[in-house]
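Chemist: Below: one structure in C-alpha cells.
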Amino acid sequence: MVPLPGSKSVTNRALVLAALADGRSVVRRPLRSRDTELMAAALTGLGVDVTTTEDGDWVVEGVPGPLQPRVEQVDVGNAGTVARFLPPVATLATGAVRFDGDPRVRERPLGPLLIALRALGADLDGVTGLPVTVRGAGALPGGEVVLDASQSSQFVSGLLLTAPRCERGVEVRHAGGPLPSAPHIAMTVEALRGAGAVVDHTEPGRWSVAPGRLAPRDAVVEPDLSTAAAYLAAPLVAGGSVTVPGWPRGTVQPGAVLPDLLEAMGARVERADDAVTVHAGDGLHGLQADLRDAPELTLVLTALAALADSPSRFTGVAHVRLQETDRLAALAGELNALGGDVRELPDGLEVRPRPLRGGVMGTYDDHRIAMAWAVLGLGVDGVEVRDVATTRKTVPDFVGSWERMLA
C-alpha cells in the first residue's frame with residue numbers, strides 16, 4: 001500500500017484561484033513540495049496571506065481587488081506552473097514585480113505567454129523567457145488573444161486562471177502545432193468552474209472565460225497520478241503487487257491512463273472504488289503509445305521499456321525537451337551509457353531492449369528522471385541514482401516511501 005502525495009498541478013491551480021477569490025479558501029491535502037511551496041511563497045510576495053493549519057492544509061485569504069506586492073522579485077525555481085501562472089496574476093498588482101529562477105527555467109519557453117499578455121493590455125518586459133518584470137496597474141483589460149501553445153499547455157492555463165479578474169474576461173485561441181497535455185487544460189477549466197467562473201470550451205482550441213468574481217471554497221487535492229507511475233511500475237520489474245489508495249474516479253488528471261498502459265505492458269490490474277492495484281503479470285512487454293496527453297509518463301515507461309522483451313516506441317512528446325531538462329536526450333543518453341539501445345525520434349523515443357550494466361545515472365535536476373532510474377534499478381544490479389533528492393520537487397519523501405514499499 002503506497003499512499004500518494006497530492007497532485008502538484010491541482011495544488012498550484014487551487015492556490016492561484018484561492019488567491020484571486022473573494023474571501024478565505026482552504027486547500028486541503030495539498031502537495032507540500034518545492035514547486036508548491038514556491039507557489040505559496042510567490043503569492044505571499046504578491047500580497048496574498050497564505051498560512052498553514054496544524055493538518056498541513058493551506059488557508060488563503062483571497063484578494064478580490066488590486067494586489068499590493070510585498071517583494072520586488074519572485075523566485076520561480078524551476079517550476080513551470082509558477083513561471084507561467086503568476087506573471088498574469090502580477091498584472092493585477094499595483095507596482096513592478098520581477099520574475100526569475102533557476103538557470104534551467106530561463107531556458108524554458110515563455111515567449112508566447114508574454115506576447116499574449118501584452119495583447120491583453122499588460123505592461124512588461126522580456127521577449128522569450130525569464131527574467132521578466134511585470135508592471136501591474138491593478139487590473140488587466142483582457143479581451144481576445146491568439147497564441148501558439150504547442151510548446152506548453154501552461155501558456156493557456158496561465159491566461160485562463162487570471163481571466164475572470166480581467167475587465168472583459170479573456171478568450172484564448174490556440175493556433176500552431178499540436179497542443180500537448182490537453183488534460184492539464186481540462187484540469188484548469190474544471191478548477192475555474194469549481195470556483196464559480198463561467199467558461200466556454202465548446203469549440204476545440206478555443207477557451208472563453210467571462211469576467212466575474214471567484215468564490216472562496218474548500219478545495220480537496222487529488223493524489224498525483226503521474227507520481228504513481230514509479231510505484232505501480234515496480235511489480236512489472238520486481239514481482240509482487242502494489243496498491244495505491246485514494247485513486248479518484250472521473251478525474252481529468254493525465255496520469256489516469258497509467259493502469260491501462262501498464263496492463264498493455266503485461267501487468268495484471270485490479271480497480272476498486274477507491275484504489276488501483278498492479279500485480280506482476282505474464283512478463284514485461286514492449287509498448288507502442290502516443291503519450292501526447294500524458295507526457296510525464298514517458299520517463300517511467302521508458303525505464304520499463306528498456307527491460308522489456310520486445311521493442312517500444314513512444315511518440316507525441318517532442319515538447320518534453322523543453323521541460324525540467326531535455327528529457328528525451330537525457331533518457332536516451334543515460335540508458336545508452338549502460339549498454340542500452342535507445343534512439344531519439346523527432347517527437348519521442350524508440351527503445352530496443354538489450355542487457356544493461358550498472359552505473360551512476362544522472363538526473364539533470366529532474367524529479368521524473370530520478371523516479372525512472374529507481375524503477376530501472378529494480379531490474380539492473382549496480383544502478384546508482386545521482387541526486388535522488390531532486391524528487392523533492394513533487395515527492396518530498398520519495399526515498400523513504402520507496403524503501404517502505406520494497407520492505
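The values are calculated or read from the model by the stated rules, or taken from the named source; none is laboratory data. None of these values were measured; they are calculated from a predicted model. Using ideal geometry, Cβ is built from the backbone for each residue, glycine included, and neighbour counts are taken over all protein chains shown.
Chemist: Limited to segment 131-142, what total is found for residues that are surrounded by fewer than 21 Cβ atoms within 10 Å (Cβ to Cβ) and either of a type in the set (A, V, I, L, M) or within 19 Å of P204 (Cβ to Cβ) (or both)?
Modeler: 2
Chemist: Select from segment 292-333 the residues that are acidic (D, E) and either assigned by TED's automatic domain parsing to the domain that holds A149 or farther than 17 Å from M371 by Cβ (or both) and list them in ascending order.
Modeler: Listed by number, the residues that qualify are D293, D309, D326.
Chemist: Another question, if that's okay. Of all residues in segment 334-365, how many are outside any loop (DSSP other than H, G, I, E, B) and touching a residue at least 12 places away in the same chain (Cβ under 8 Å)? Explain how you work it out, then say what you get.
Modeler: Initially, segment 334-365 is screened for residues outside any loop (DSSP other than H, G, I, E, B), giving 334-337, 341-345, 348-352, 359-361.
Going one step further and asking which of them are touching a residue at least 12 places away in the same chain (Cβ under 8 Å), we end up with 334-335, 337, 341-342, 344-345, 348-352, 359-361.
Here the count works out to 15.
Chemist: With the requirement that a residue be without any contact (Cβ under 8 Å) to a residue 60 or more places away in the chain and buried (at least 19 other Cβ atoms within 10 Å of the Cβ), what does segment 225-255 give you?
Modeler: Matches in segment 225-255: L232, P235, W247, G255.
Chemist: Another question, if that's okay. If you scan segment 141-167, which residues turn out to be out of contact with any Asp or Glu (no Cβ under 9 Å at 6 or more places or on another chain) and either part of a helix (DSSP H, G or I) or within 13 Å of V209 (Cα to Cα) (or both)?
Modeler: Q154, V156, S157, G158, L159, L160, L161, T162, P164, R165, C166, E167
Chemist: Something else about it: Given A256, A289, which one is outside any loop (DSSP other than H, G, I, E, B), over 21 Å from M187 (Cα atoms) and either in the same structural domain as G362 (by TED's automatic domain parsing) or hydroxyl-bearing (S, T, Y) (or both)?
Modeler: A289
Chemist: Could you tell me whether segment 48-58 includes any residue that is at pLDDT 95 or above, touching a strand residue (DSSP E or B) at 6+ places or on another chain (Cβ under 9 Å), more than 24 Å from A163 (Cα to Cα) and buried (at least 16 other Cβ atoms within 10 Å of the Cβ)?
Modeler: For segment 48-58, residues at pLDDT 95 or above, touching a strand residue (DSSP E or B) at 6+ places or on another chain (Cβ under 9 Å), more than 24 Å from A163 (Cα to Cα) and buried (at least 16 other Cβ atoms within 10 Å of the Cβ): present.
Chemist: In the set V145, V170, V156, V220, which member is of a type outside the set (F, W, Y), over 28 Å from R321 (Cα atoms), surrounded by 15 or more Cβ atoms within 10 Å (Cβ to Cβ) and touching a helix residue (DSSP H, G or I) at 6+ places or on another chain (Cβ under 7 Å)?
Modeler: Just a single option satisfies the conditions, and that option is V170.
Chemist: Moving on. From the list V127, V97, V146, which residue is among the β-branched types (V, I, T) and under 23 Å from T44 (Cβ atoms)? Explain how you work it out, then say what you get.
Modeler: Values: V127 fails: under 23 Å from T44 (Cβ atoms); V146 fails: under 23 Å from T44 (Cβ atoms).
Within the list V127, V97, V146, the selection yields V97.
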